[in-house]
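Since the structure comes first, as structure tokens, the remarks are kept for the end.
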Amino acid sequence: MREPLDSNLLDPNYLEEILGSFHQATGLHIEAINNDGVTFSVLGKLERSDFCRYIRCQPEGEKKCLDSYKRASLEAAKWEEPYFFRCHAGLVIWAVPIMIKGVSLGSIICGQVLMWEPDHFFFQELEKLNVGVENIEVLKTKASKLEVISPARSQAAADMLFVVVNHIVKRDINSLKEIDATRLQQQQIRQEIEERKRKRLPDLSDYDAYLKKERKFLRYIRLGDRTRANQTLQSLLTDLYTKTVGDLETVKVRILELATLTSRAAVEGGANADRIMILLKEFNKEIDGIERVEKFFYKIQRIVETFLEGIFTLANKKHLAIVKDARDFIMENYALPLTVNSVAEHLFISPSHLSRLFREELDCTINDYLTRVRVEQAVEIMKKPELSVAQVSKAVGFQNQSYFAKVFRKYIGVTPIIYKNSLY
């Protein structure tokens, strides 16, 4: 009798593949059992030994084997390490526990061997252990053909199998985390859609609104604003889901495009360009075979988080805290007449030290970063048609409108008036 393994907890195909390789390397019989001792997979495509098959076909034989496996699996789980035992029929077997998050899913059974050559005393014991067997002489003949391996080899095989099983479990724990994250992603999309319906927000008729939100998202990336970037990304993904009606190919194209744009924004924000390009290349490979929209969304959220971390990849944690606090202070007070001295005074450090950290860690000056924040905010405020360019300039902290026009053109590529007129 065999029962399948819950594929949501452990990938049976990967289990078959890896443990099949273990069998090929060692020649040992292995099978996977659940906590009730029921076999759900005989790995390596090798049937049990003639001895075991004969024992199992005897009256109560299957039940006795099941009880032996069940007891071994419980002991292995209790100690969380390989457990050696002699089955009810007299063979040496060991069980390696399958544990995920402290929960036992069963064991890998290995062995069905002897540790010594069969002799007179062995056959005497065999008779005592197997009272009721139909033909004890047949059983003795089958026992004499069992493989004999040394205790040292048995222990080495058990240790190797323990490492292999832990590798499989570790891989599947990561898969479970991904499954949980994907489910959370689905829930967030449903919640946002319901919230939009409740507020009676209009559906997207084209990609104009999506692209405007995308530009806002990229600004947050450039500024290293993790919270707003993640919030806007979630809203973007909801837009993408509703607009494409979950069409896989369209979603894939948009996700690839978004990842590329995000990588460039991260570099502009101070992340290492070479590192970002390597991450982007790996990302493009990862999503190539994806067949679910939610998996695309999970992957883009992960890569965005990695890009944001790249902006803050600082060698010293203390420096990280100082630079982050300075950036947060500037983001909250950009409209004020900030100076290097005022930012440094807020952080209780010297202006020269703060300036050096900004140059070393972000490859820009404090004034450069302040100007970038002001321009990005100006782009956002310009969406309000009632505000003039002069009012926008003053709202983001520029006292001189001519200087504002100069730096705006440097960052955006056009003058503030041209940009504002293009919005309507």
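The values are calculated or read from the model by the stated rules, or taken from the named source; none is laboratory data. Only a predicted model underlies this, so the values are computations on that prediction, with no experimental measurement involved. Ideal geometry is used to build each Cβ from the backbone, glycine not excepted, and the neighbour counts take in all protein chains shown. Note: accessible area is taken over every heavy atom of the protein model, side chains too, but ligands, DNA and RNA are not part of it. Shrake-Rupley method; radii C 1.70, N 1.55, O 1.52, S 1.80 Å.
Tell me the helices (runs of 4 or more DSSP H) entirely within segment 237-329 that contain at least 3 residues that are out of contact with any His (no Cβ under 7 Å at 6 or more places or on another chain) and open to solvent by less than 10 Å² (accessible area, probe 1.4 Å). Give the derivation first.
Details: elements: 248-268, 273-286, 293-311.
Here the list reads 248-268, 293-311.
Go through segment 58-74 and give me each residue that's of a type outside the set (A, V, I, L, M), under 25 Å from residue 160 (Cα atoms) and open to solvent by less than 70 Å² (accessible area, probe 1.4 Å).
The initial filter retains those residues of segment 58-74 that are of a type outside the set (A, V, I, L, M), namely 58-65, 67-71, 73.
Next, from what is left, pick out any that are under 25 Å from residue 160 (Cα atoms): 65, 68-71, 73.
Correct list: 65, 68, 69, 73.
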Restricted to segment 39-57, and to residues that are within 34 Å of the chain's Cα centre (by Cα) and in contact (Cβ under 8 Å) with a residue 24 or more places away in the chain, which residue is farthest from residue 112 (Cα to Cα)? 40
Can you give me the number of residues within segment 36-57 that are crowded, with 17+ Cβ neighbours inside 10 Å and at pLDDT 90 or above? 4
Filter result for residue 171 (at pLDDT below 80 and loosely packed, with under 13 Cβ neighbours inside 10 Å): no
Residues located in segment 224-236, provided they are open to solvent by less than 10 Å² (accessible area, probe 1.4 Å) and more than 18 Å from residue 332 (Cα to Cα): 233, 236
Given the condition closer than 16 Å to residue 49 by Cβ, of a type in the set (S, T, N, Q) and in contact with a Pro (Cβ under 9 Å, 6 or more places away or on another chain), answer yes or no: does some residue in segment 152-168 qualify? no
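Among the residues of segment 374-394 satisfying the criterion of being in contact (Cβ under 8 Å) with a residue 40 or more places away in the chain and in contact with a helix residue (DSSP H, G or I) (Cβ under 6 Å, 6 or more places away or on another chain), which is least open to solvent (accessible area, probe 1.4 Å)? If you could, list the steps in order and put the result at the bottom.
Narrowing segment 374-394 to residues in contact (Cβ under 8 Å) with a residue 40 or more places away in the chain: 374, 376-377, 379-380, 382-383.
Next, from what is left, pick out any that are in contact with a helix residue (DSSP H, G or I) (Cβ under 6 Å, 6 or more places away or on another chain): 376, 382.
Numbers: 376: 17, 382: 0 Å².
Per the stated criteria, the residue is 382.
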Looking for something among the basic types (Lys, Arg), in contact (Cβ under 8 Å) with a residue 12 or more places away in the chain and farther than 27 Å from residue 328 by Cα - is there at least one such residue anywhere in segment 241-251? yes
Could you list all residues from segment 1-35 that are at pLDDT 85 or above, open to solvent by less than 30 Å² (accessible area, probe 1.4 Å) and farther than 20 Å from residue 153 by Cβ? 32, 33, 34
Only residues that are under 50 Å from the mean Cα position of the chain (by Cα), without any contact (Cβ under 8 Å) to a residue 40 or more places away in the chain and open to solvent by less than 10 Å² (accessible area, probe 1.4 Å): list them for segment 99-148, please. 114
Pick from segment 194-223, criterion open to solvent by 40 Å² or more (accessible area, probe 1.4 Å) and hydrophobic (A, V, I, L, M, F, W, C), ranking: modelled with the highest pLDDT: 211
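Results for (1) more than 16 Å from residue 129 (Cβ to Cβ); (2) part of a helix (DSSP H, G or I); (3) touching a residue at least 60 places away in the same chain (Cβ under 8 Å), shown as yes or no for each residue.
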site: 59; (1), (2), (3): no, no, yes
site: 62; (1), (2), (3): yes, yes, yes
site: 65; (1), (2), (3): no, yes, no
site: 70; (1), (2), (3): yes, yes, no
site: 73; (1), (2), (3): yes, yes, no
site: 77; (1), (2), (3): yes, yes, no
site: 89; (1), (2), (3): no, no, no
site: 97; (1), (2), (3): yes, no, yes
Is it true that residue 336 is among the aliphatic types (A, V, I, L, M), out of contact with any strand residue (DSSP E or B) (no Cβ under 8 Å at 6 or more places or on another chain), surrounded by fewer than 19 Cβ atoms within 10 Å (Cβ to Cβ) and part of a helix (DSSP H, G or I)? no
